[in-house]
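Remarks on the structure that follows.
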Amino acid sequence: MQFIALTSIGIENILADELKQLGAQIGKQSVGSVVFEAELPLAQKICLSTRFATRILMKIAEKENVKNKTDLYNLARYQAWGEWLTPKTTFAVDFSGTNTELKNTQFSGLVIKDAIVDYFQDLYETRPDVDKQNAQVRIAARYHQNKLDLYIDYSGTGLSQRGYRQGQGRAPIKEHLAAALIHRSGWLKDVSQPLFDPCCGSGTLLIEAAGMANNQAPGLKKEQFAFERLPNFNESQYQEVREEVSDLQSPKKLYLIGQDIDGFVLSKAQNNARAAGVDQLIKFSKGDAANLKPVSKRAGVVLSNLPYGERMGGTAELINLYRGMGVAFKKHYADWHLALLSSDEALSKLLKIVRHKRYKFKNGPIDCVLNTYILDEKQVVESTHSTELNYEDSTAFANRLKKNKQGLKNWLKQHGITTYRLYDADIPQYNVAVDIYNDHAVIYEYAAPKEVDEQVSNKRLQDIIYLTSKQLDIPAEKIAVKVRKKQKGDSQYSTISQQDQSMVVAEYGAKYKVNIFDYLDTGLFLDHRLARQYIQQNAHDKRFLNLFAYTGTASVQAAIGGAKSITTVDMSKTYINWGKENFELNNIQNPRYRFFQADCLAWLDNAQGEYDLIFLDPPTFSNSKRMTDAFDVQRDHIKLFETTKKILSENGVLFFSNNKRGFKMDEEKLNELGLQAKNISEKTLSPDFKRNKHIHNSWLITRV
């Protein structure tokens, strides 16, 4: 009989070798599959034993020149379906492939279904039922280049699911891929040597390693295979196959070590190992892979699926992790072999170890590479003398951080400021801004010019992150890294992460909730510090309006300053709710303090009443679908003032601000409106923003 074994990309060669060792005759090998010949008992043995296949299909028919519905029906109608189904068997058809006449896979599947039903109707005057979810027998039809292959699902789905997984962490690795990594690591050549996974997560690699070393067939724990539901299934013969496979087990003394920084995930790993019956063979402990210590006097193999974005907080943590591991490997793991799976080659280079071999794999939809390394004496000596930085010039960035912090020291202490900008592209090659939020830091990378090489830019950013952490003594997990670029439409409101790590910062008697990880902006515009202070000092007994209010921080200061009424307007529901949280943080409650989620331009068109103090800080440009029209602050500012003037009281003040570089106030048209403007941009720049005089523009606008 001919079968096809399915697997993931990159595992085909390993699967072919496994099938050959089990006794199968290997045929065509293609992307994600291996064809083989085997008698039924051997096919059952393969289902029980394979660690690299995800599914086994048995071919029952094939035909060339299948072009239309009629060809499809005739091929299916005249198969001996009685060998695989009975009138009482439930079945389902999975169809893949199309051509100009067979355009819909669901329709093609129905054609084959009808043919099967007609077969039984003609012979028995009864028909089997279709059950798409829990079919007893599944037929797989694969159509390619006018050729149709018909298969019976022999194993059932989920061969890679061993049944021991009680829980898992984020971004888990599939069991069959774990087995492939173990195979490629070289550890199986001598299983008496230690195997160490410093980022073990839920323990899949080590559990699979224990099973492979002891020759435990993973399928022995499976409740039922699809072939057990076929009419020709021989129970006694199958039991002989099971006994043969079970007798091949050979328990060994193993030294398997797992470590992870997440205690909760470690508990899942221990539960999984217990369910697999190998918990006595694996030693799990909590530890930070960025600060590895020796785990064995004897050299062995380090094998790990290294964290990437989905599994850790962000770029800074990852860079710190890879750098730290590279240093530790060279210091404590001489003569060890390393096999490290990563989805980011740029991060792998941070290890600063010369690669021995590389193997490409797919972890679900993610392209990954298993890099192997041999830490021989030459490798360790050469690597130990290498610098931790990509560029020696990066020390200038560290020195500037130190200089700037020293320059701001007295001001920070005098005003009790813990949130401030420390660096803003002071050195052109290091084009970032660094903001401090209590004991956290945010690094904003400005989009590099097209002529700047991307690899150079990435390496400089790696140095920036490393030096920010080291110079300011801030752990990597407390550093957020973001890219500053022009926002379009609703993107300014979208999340960039889902960590939900908020904190509270203080400013001039107010408290604000900030979130440095989940959004492009943190919830607090630091450059508006003095603008908010002005509002606090001038809001007493005033009717205050905050338009384009963001998270309502200016409204909080107006409330602290004793405003008579406060109206806060923003288009984003997220930010309006955030503003309400800021009010709750400061125990502010007043029925005259109101929030409106609305398009500010449309709200202004219908606004009534008067306001004595208005804070107007519109975006530079917005074409959000939620706004009535596209808005450009340079083009539309006079029209905006004309609308706002209608609700500005006789002696009222309009505090206007924007951050468009090169913005020019049209004073002539402003005067025609009966308004006058006083530029106070210089006065609203606190010492931490003096280096960037174009961070924003500010005016006080009043009636003439």
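The values are calculated or read from the model by the stated rules, or taken from the named source; none is laboratory data. Because the structure is predicted, anything quoted here is derived from the model rather than measured. When we count neighbours, we look across all protein chains shown, and the Cβ atoms used for this are built from the backbone with ideal geometry, even at glycine.
Quick notes
The rows are residues; the columns are (1) touching a Pro at 6+ places or on another chain (Cβ under 7 Å); (2) among the aliphatic types (A, V, I, L, M).
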{"position": "Val35", "(1), (2)": "no, yes"}
{"position": "Leu57", "(1), (2)": "no, yes"}
{"position": "Glu64", "(1), (2)": "no, no"}
{"position": "Asn74", "(1), (2)": "no, no"}
{"position": "Arg77", "(1), (2)": "no, no"}
{"position": "Gly82", "(1), (2)": "no, no"}
{"position": "Pro87", "(1), (2)": "yes, no"}
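- Enumeration of residues in the stretch 640-652 that are of a type in the set (A, V, I, L, M, F, W, C) and in contact with a helix residue (DSSP H, G or I) (Cβ under 7 Å, 6 or more places away or on another chain): Phe641
- For the criterion of being polar (S, T, N, Q), under 26 Å from the mean Cα position of the chain (by Cα) and either within 19 Å of Ile465 (Cα to Cα) or surrounded by fewer than 19 Cβ atoms within 10 Å (Cβ to Cβ) (or both), Ser342 fails.
Residue by residue, here is whether (1) modelled with pLDDT of 95 or more; (2) closer than 25 Å to Phe544 by Cβ; (3) among the small types (Gly, Ala, Ser); (4) assigned by TED's automatic domain parsing to the domain that holds Gln406 holds:
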| site | (1), (2), (3), (4) |
| --- | --- |
| Tyr611 | yes, yes, no, no |
| Leu616 | yes, yes, no, no |
| Thr644 | yes, yes, no, no |
| Gly652 | yes, yes, yes, no |
| Gly662 | no, no, yes, no |
| Lys669 | yes, no, no, no |
| Asn679 | yes, yes, no, no |
| Asp688 | yes, no, no, no |
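- Of the set (1) under 30 Å from Gly97 (Cα atoms); (2) outside any helix (DSSP H, G or I), all apply to Asp122 but (2).
- Some residue of the stretch 75-91 being over 23 Å from Gly156 (Cβ atoms) and either buried (at least 17 other Cβ atoms within 10 Å of the Cβ) or in contact with a Cys (Cβ under 8 Å, 6 or more places away or on another chain) (or both): yes
- Screening Lys69 with (1) closer than 23 Å to Asp118 by Cα; (2) touching a strand residue (DSSP E or B) at 6+ places or on another chain (Cβ under 9 Å) gives one miss only, at (2).
- From the list Ser657, Ser649, the one residue that fits, being of a type in the set (Ser, Thr, Tyr), in contact (Cβ under 8 Å) with a residue 40 or more places away in the chain and buried (at least 19 other Cβ atoms within 10 Å of the Cβ), is Ser657.
- Scan of the stretch 564-581 for residues that are surrounded by 20 or more Cβ atoms within 10 Å (Cβ to Cβ) and over 25 Å from Ile680 (Cβ atoms), ordered by number: Met571, Tyr575, Ile576, Trp578
- Residue that is surrounded by the fewest Cβ atoms within 10 Å (Cβ to Cβ), among those in the stretch 278-297 that are touching a residue at least 12 places away in the same chain (Cβ under 8 Å), over 12 Å from Phe196 (Cα atoms) and in contact with a helix residue (DSSP H, G or I) (Cβ under 9 Å, 6 or more places away or on another chain): Lys286
- Scanning the stretch 52-82 for residues that are in a helix (DSSP H, G or I) and either of a type in the set (Gly, Ala, Ser) or more than 15 Å from Arg138 (Cα to Cα) (or both) turns up Lys69, Thr70, Asp71, Leu72, Tyr73, Asn74, Leu75, Ala76, Arg77, Gly82.
- Being buried (at least 16 other Cβ atoms within 10 Å of the Cβ), touching a helix residue (DSSP H, G or I) at 6+ places or on another chain (Cβ under 7 Å) and basic (Lys, Arg) is a property that does not hold for Lys59.
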